[in-house]
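The values are calculated or read from the model by the stated rules, or taken from the named source; none is laboratory data. Keep in mind it's a predicted model, so treat the numbers as computed, not measured. Note: ideal-geometry Cβ built from the backbone for every residue, glycine included; neighbour counts use all protein chains shown. These accessible areas exclude ligands, DNA and RNA; they are computed on the full protein's heavy atoms, side chains included. Shrake-Rupley method; radii C 1.70, N 1.55, O 1.52, S 1.80 Å.
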Amino acid sequence: MRDFFAWMNETPWSIALRESFVVWPVLEATHVLTIMLFVGTIIMVDLRLLGLAFRQVPVSEMTARILPWTIGGFVIMMVTGLLLFYAKPLVYYHNIFFRVKIIVLLLAMANILYFHKRVQGNLAAWDLSQSIPRNARIAAAVSLSAWIAIVISGRMIAYDWYNCEKLEPESALSWMIDCPQRDNLLAVQMPAPLLAGEAD
Ligand code: HEM
(Lines give C-alpha, C1' and ligand atoms only; values in the text may rest on other atoms or scores of the structure.)
Protein backbone atom coordinates (compact mmCIF):
# COMPACT_ATOMS: atom_id res chain seq x y z
CA MET A 1 0.00 0.00 0.00
CA ARG A 2 2.76 2.45 0.93
CA ASP A 3 4.50 1.85 -2.42
CA PHE A 4 1.27 2.60 -4.26
CA PHE A 5 0.85 5.94 -2.43
CA ALA A 6 4.56 6.70 -2.95
CA TRP A 7 3.97 6.23 -6.68
CA MET A 8 0.77 8.35 -6.52
CA ASN A 9 2.68 11.08 -4.66
CA GLU A 10 5.06 11.46 -7.64
CA THR A 11 2.36 11.69 -10.33
CA PRO A 12 2.37 15.10 -12.10
CA TRP A 13 -1.19 16.02 -11.03
CA SER A 14 -0.50 15.18 -7.37
CA ILE A 15 2.62 17.37 -7.43
CA ALA A 16 0.74 20.15 -9.27
CA LEU A 17 -2.12 20.05 -6.73
CA ARG A 18 0.06 20.24 -3.62
CA GLU A 19 2.27 22.97 -5.10
CA SER A 20 -0.71 25.00 -6.37
CA PHE A 21 -1.06 28.45 -4.81
CA VAL A 22 -4.82 28.66 -5.42
CA VAL A 23 -6.38 25.25 -6.14
CA TRP A 24 -5.39 23.49 -2.91
CA PRO A 25 -6.62 26.28 -0.58
CA VAL A 26 -9.86 26.47 -2.58
CA LEU A 27 -10.30 22.68 -2.24
CA GLU A 28 -9.60 22.81 1.50
CA ALA A 29 -11.97 25.77 2.01
CA THR A 30 -14.72 24.04 0.00
CA HIS A 31 -14.21 20.86 2.04
CA VAL A 32 -14.53 22.79 5.30
CA LEU A 33 -17.46 25.01 4.24
CA THR A 34 -19.45 22.07 2.85
CA ILE A 35 -19.41 20.47 6.32
CA MET A 36 -22.10 23.00 7.28
CA LEU A 37 -24.36 21.77 4.45
CA PHE A 38 -23.61 18.05 4.75
CA VAL A 39 -23.16 17.45 8.46
CA GLY A 40 -25.57 20.27 9.31
CA THR A 41 -28.48 18.67 7.42
CA ILE A 42 -27.68 15.23 8.83
CA ILE A 43 -27.78 16.62 12.39
CA MET A 44 -31.23 18.18 11.73
CA VAL A 45 -32.69 14.78 10.76
CA ASP A 46 -30.90 13.00 13.63
CA LEU A 47 -32.34 15.49 16.15
CA ARG A 48 -35.84 14.82 14.70
CA LEU A 49 -35.32 11.06 15.01
CA LEU A 50 -34.12 11.50 18.59
CA GLY A 51 -37.30 13.50 19.30
CA LEU A 52 -35.20 16.55 20.31
CA ALA A 53 -36.31 18.96 17.53
CA PHE A 54 -38.93 19.49 14.80
CA ARG A 55 -41.32 17.12 16.69
CA GLN A 56 -44.35 18.48 14.78
CA VAL A 57 -42.78 17.80 11.36
CA PRO A 58 -43.38 14.32 9.89
CA VAL A 59 -40.08 12.44 9.47
CA SER A 60 -40.90 11.67 5.83
CA GLU A 61 -41.37 15.39 5.09
CA MET A 62 -38.06 16.30 6.74
CA THR A 63 -36.10 13.61 4.90
CA ALA A 64 -37.81 14.39 1.55
CA ARG A 65 -36.95 18.12 1.81
CA ILE A 66 -33.47 17.78 3.33
CA LEU A 67 -32.04 14.65 1.65
CA PRO A 68 -31.25 16.32 -1.73
CA TRP A 69 -29.10 18.93 0.11
CA THR A 70 -27.39 16.18 2.13
CA ILE A 71 -26.61 14.19 -1.01
CA GLY A 72 -25.29 17.32 -2.77
CA GLY A 73 -23.09 18.08 0.25
CA PHE A 74 -21.85 14.49 0.39
CA VAL A 75 -20.77 14.53 -3.26
CA ILE A 76 -18.83 17.78 -2.71
CA MET A 77 -17.20 16.38 0.50
CA MET A 78 -16.13 13.19 -1.27
CA VAL A 79 -14.74 14.93 -4.38
CA THR A 80 -12.84 17.61 -2.43
CA GLY A 81 -11.69 15.07 0.17
CA LEU A 82 -10.34 12.64 -2.44
CA LEU A 83 -8.54 15.48 -4.25
CA LEU A 84 -7.04 16.73 -0.96
CA PHE A 85 -5.85 13.18 -0.29
CA TYR A 86 -4.48 12.83 -3.85
CA ALA A 87 -2.42 16.02 -3.35
CA LYS A 88 -0.44 14.52 -0.40
CA PRO A 89 -1.23 10.75 -0.28
CA LEU A 90 1.84 9.74 1.74
CA VAL A 91 1.30 12.47 4.36
CA TYR A 92 -2.29 11.32 4.98
CA TYR A 93 -1.49 7.58 4.67
CA HIS A 94 0.87 7.97 7.66
CA ASN A 95 -1.58 10.19 9.59
CA ILE A 96 -3.36 8.45 12.48
CA PHE A 97 -6.18 11.02 12.58
CA PHE A 98 -6.85 10.57 8.86
CA ARG A 99 -7.03 6.79 9.36
CA VAL A 100 -9.43 7.15 12.30
CA LYS A 101 -11.57 9.53 10.23
CA ILE A 102 -11.83 7.09 7.29
CA ILE A 103 -12.70 4.15 9.60
CA VAL A 104 -15.46 6.19 11.31
CA LEU A 105 -16.61 7.42 7.87
CA LEU A 106 -17.11 3.78 6.77
CA LEU A 107 -19.02 3.12 10.01
CA ALA A 108 -21.24 6.16 9.39
CA MET A 109 -21.93 4.98 5.83
CA ALA A 110 -22.84 1.47 7.08
CA ASN A 111 -25.22 3.11 9.57
CA ILE A 112 -26.89 5.12 6.77
CA LEU A 113 -27.30 1.88 4.77
CA TYR A 114 -28.79 0.13 7.82
CA PHE A 115 -31.23 3.04 8.38
CA HIS A 116 -32.43 3.11 4.77
CA LYS A 117 -32.60 -0.67 4.41
CA ARG A 118 -33.88 -1.77 7.86
CA VAL A 119 -35.44 1.20 9.67
CA GLN A 120 -37.02 3.49 7.10
CA GLY A 121 -38.96 0.57 5.54
CA ASN A 122 -41.91 0.90 7.94
CA LEU A 123 -41.70 4.71 8.27
CA ALA A 124 -45.42 5.04 7.43
CA ALA A 125 -46.21 3.34 10.76
CA TRP A 126 -44.41 5.95 12.89
CA ASP A 127 -44.05 8.96 10.58
CA LEU A 128 -46.40 11.26 12.52
CA SER A 129 -45.93 9.60 15.90
CA GLN A 130 -44.23 11.36 18.81
CA SER A 131 -42.58 8.09 19.87
CA ILE A 132 -39.86 7.09 17.43
CA PRO A 133 -38.94 3.34 17.27
CA ARG A 134 -35.87 2.34 19.28
CA ASN A 135 -33.81 1.21 16.25
CA ALA A 136 -34.40 4.59 14.57
CA ARG A 137 -33.24 6.44 17.68
CA ILE A 138 -30.17 4.18 17.93
CA ALA A 139 -29.33 4.80 14.25
CA ALA A 140 -29.68 8.57 14.85
CA ALA A 141 -27.45 8.45 17.96
CA VAL A 142 -24.78 6.42 16.08
CA SER A 143 -25.00 8.89 13.18
CA LEU A 144 -24.66 11.98 15.40
CA SER A 145 -21.65 10.51 17.30
CA ALA A 146 -19.95 9.29 14.11
CA TRP A 147 -20.20 12.61 12.21
CA ILE A 148 -18.99 14.58 15.25
CA ALA A 149 -16.04 12.14 15.52
CA ILE A 150 -15.33 12.56 11.78
CA VAL A 151 -15.25 16.36 12.06
CA ILE A 152 -12.99 16.24 15.14
CA SER A 153 -10.58 13.68 13.62
CA GLY A 154 -10.63 15.64 10.35
CA ARG A 155 -9.61 18.79 12.21
CA MET A 156 -6.85 16.88 14.02
CA ILE A 157 -5.27 15.78 10.69
CA ALA A 158 -3.38 19.08 10.56
CA TYR A 159 -1.59 18.42 13.88
CA ASP A 160 1.77 16.60 13.48
CA TRP A 161 2.11 15.32 17.07
CA TYR A 162 2.10 11.67 15.95
CA ASN A 163 3.93 11.96 12.64
CA CYS A 164 6.41 9.15 11.90
CA GLU A 165 9.48 11.30 12.45
CA LYS A 166 8.27 12.01 16.02
CA LEU A 167 7.59 8.36 16.93
CA GLU A 168 9.88 5.61 18.23
CA PRO A 169 10.16 3.09 15.34
CA GLU A 170 9.36 0.26 17.76
CA SER A 171 6.19 1.97 19.08
CA ALA A 172 2.73 0.46 18.42
CA LEU A 173 1.57 3.69 16.77
CA SER A 174 4.55 3.59 14.37
CA TRP A 175 3.45 0.08 13.41
CA MET A 176 -0.21 1.14 13.04
CA ILE A 177 0.59 3.94 10.57
CA ASP A 178 3.27 1.89 8.75
CA CYS A 179 6.15 4.31 9.41
CA PRO A 180 9.09 3.86 6.98
CA GLN A 181 11.46 4.24 9.96
CA ARG A 182 10.38 0.73 10.96
CA ASP A 183 12.01 -0.69 7.82
CA ASN A 184 15.47 -0.13 9.34
CA LEU A 185 14.27 -1.68 12.59
CA LEU A 186 13.02 -4.77 10.77
CA ALA A 187 16.29 -4.95 8.78
CA VAL A 188 18.25 -5.01 12.05
CA GLN A 189 16.01 -7.70 13.57
CA MET A 190 16.04 -10.01 10.54
CA PRO A 191 18.77 -12.73 10.78
CA ALA A 192 21.38 -12.34 7.97
CA PRO A 193 20.36 -15.51 5.98
CA LEU A 194 16.74 -14.30 5.81
CA LEU A 195 17.93 -10.87 4.75
CA ALA A 196 20.02 -12.39 2.01
CA GLY A 197 17.12 -14.75 1.14
CA GLU A 198 19.43 -17.78 1.65
CA ALA A 199 17.26 -19.56 4.20
CA ASP A 200 16.33 -22.98 2.92
C1 HEM B 1 -17.82 12.94 3.93
C2 HEM B 1 -17.56 13.42 5.09
C3 HEM B 1 -16.32 14.20 5.48
C4 HEM B 1 -16.25 15.11 6.51
C5 HEM B 1 -17.39 15.53 7.43
C6 HEM B 1 -14.90 15.62 6.54
C7 HEM B 1 -14.45 16.57 7.46
C8 HEM B 1 -13.18 17.11 7.46
C9 HEM B 1 -12.71 18.14 8.40
C10 HEM B 1 -13.53 18.77 9.52
C11 HEM B 1 -11.43 18.42 8.06
C12 HEM B 1 -10.51 19.46 8.74
C13 HEM B 1 -10.47 20.69 7.92
C14 HEM B 1 -9.57 21.70 8.63
O15 HEM B 1 -9.99 22.20 9.63
O16 HEM B 1 -8.47 21.92 8.17
C17 HEM B 1 -11.08 17.57 6.96
C18 HEM B 1 -9.84 17.58 6.39
C19 HEM B 1 -9.49 16.66 5.46
N20 HEM B 1 -10.30 15.74 4.84
FE21 HEM B 1 -12.23 15.42 5.16
N22 HEM B 1 -14.15 15.05 5.56
C23 HEM B 1 -14.99 14.15 4.89
C24 HEM B 1 -14.65 13.31 3.87
C25 HEM B 1 -13.37 13.18 3.43
C26 HEM B 1 -12.95 12.16 2.49
C27 HEM B 1 -13.84 11.09 1.87
C28 HEM B 1 -11.60 12.32 2.32
C29 HEM B 1 -10.65 11.54 1.44
C30 HEM B 1 -10.64 10.28 1.25
C31 HEM B 1 -11.19 13.46 3.14
C32 HEM B 1 -9.91 13.97 3.18
C33 HEM B 1 -9.51 15.01 3.99
C34 HEM B 1 -8.14 15.50 4.05
C35 HEM B 1 -6.98 14.96 3.26
C36 HEM B 1 -8.13 16.53 4.97
C37 HEM B 1 -6.91 17.31 5.50
C38 HEM B 1 -6.68 18.57 4.85
C39 HEM B 1 -5.52 19.24 5.61
O40 HEM B 1 -4.37 18.87 5.37
O41 HEM B 1 -5.79 20.10 6.42
N42 HEM B 1 -12.28 13.95 3.80
N43 HEM B 1 -12.16 16.79 6.60
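Report, to the nearest whole %, how much of the accessible area of the chain belongs to carbon and sulfur atoms, 1.4 Å probe, protein only.
Values: 8630 of 12230 Å².
Of all accessible area on the chain, carbon and sulfur atoms account for 71 percent.
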Practice prompt. Treating cross-link reach as a plain straight distance, find the lysines whose alpha-carbon is under 22 Å from the alpha-carbon of K88, omitting any fewer than eight places away in the same chain.
Written response: K101, K166
Response to the item:
Once Lys and Arg are counted +1 and Asp and Glu -1 for all other residues with Cβ under 13 Å from that of T63, the total becomes -1
Worksheet, complete the sentence: Diffing segment 57-69: the Karplus 3J(HN,Hα) column from phi (6.51, -1.76, 1.60, θ = phi - 60°), in whole Hz with x for Gly and Pro, holds 8, x, 4, 4, 5, 4, 5, 4, 7, 8, 3, x, 5
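For the chain, what is the mean residue ellipticity at 222 nm derived from helices alone (per DSSP H run of n ≥ 4: -39500 (n - 2.57); sum divided by total residues; nearest 500 deg cm²/dmol)? Intermediate values should be presented prior to the final figure.
Details: 11 runs with 141 residues, N = 200.
One gets -22500 deg cm²/dmol as the mean residue ellipticity at 222 nm.
Summing Lys, Arg as +1 and Asp, Glu as -1, what charge do residues with Cβ under 15 Å from the Cβ of I138 carry, I138 excluded?
On the way: positive: R48, K117, R118, R134, R137; negative: D46.
Value of the local net charge: +4.
Output the relative contact order of the chain, whole-number percent, from Cα pairs under 8 angstrom with separation of 6+ residues.
Numbers: 179 pairs, mean separation 49.1, N = 200.
Value for the chain: 25 percent.
Accessible area per residue of segment 45-186 at 1.4 Å probe, in Å²?
On the way: 8070 Å² over 142 residues.
For segment 45-186, the per-residue accessible area is 57 Å².
Kirkwood hydrodynamic radius of the chain from all distinct Cα pairs, in Å?
On the way: mean 1/r = 0.0506 Å⁻¹.
Evaluated on the chain, it is 19.7 Å.
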Item to complete: Could you run the Karplus curve 6.51 cos²θ - 1.76 cosθ + 1.60 with θ = phi - 60° over segment 101-106 and give me ³J(HN,Hα) per residue in whole Hz, x for Gly and Pro?
Response: 4, 5, 5, 5, 4, 5
Discussion item. Net charge within 15 Å of L52 by Cβ-Cβ distance, Lys/Arg positive one each and Asp/Glu negative one each, not counting L52 itself?
Written reply: +2
Fill in: Whole-Hz ³J(HN,Hα) from phi, Karplus 6.51 cos²θ - 1.76 cosθ + 1.60, for segment 140-147, glycine and proline x
5, 5, 4, 4, 4, 5, 5, 5
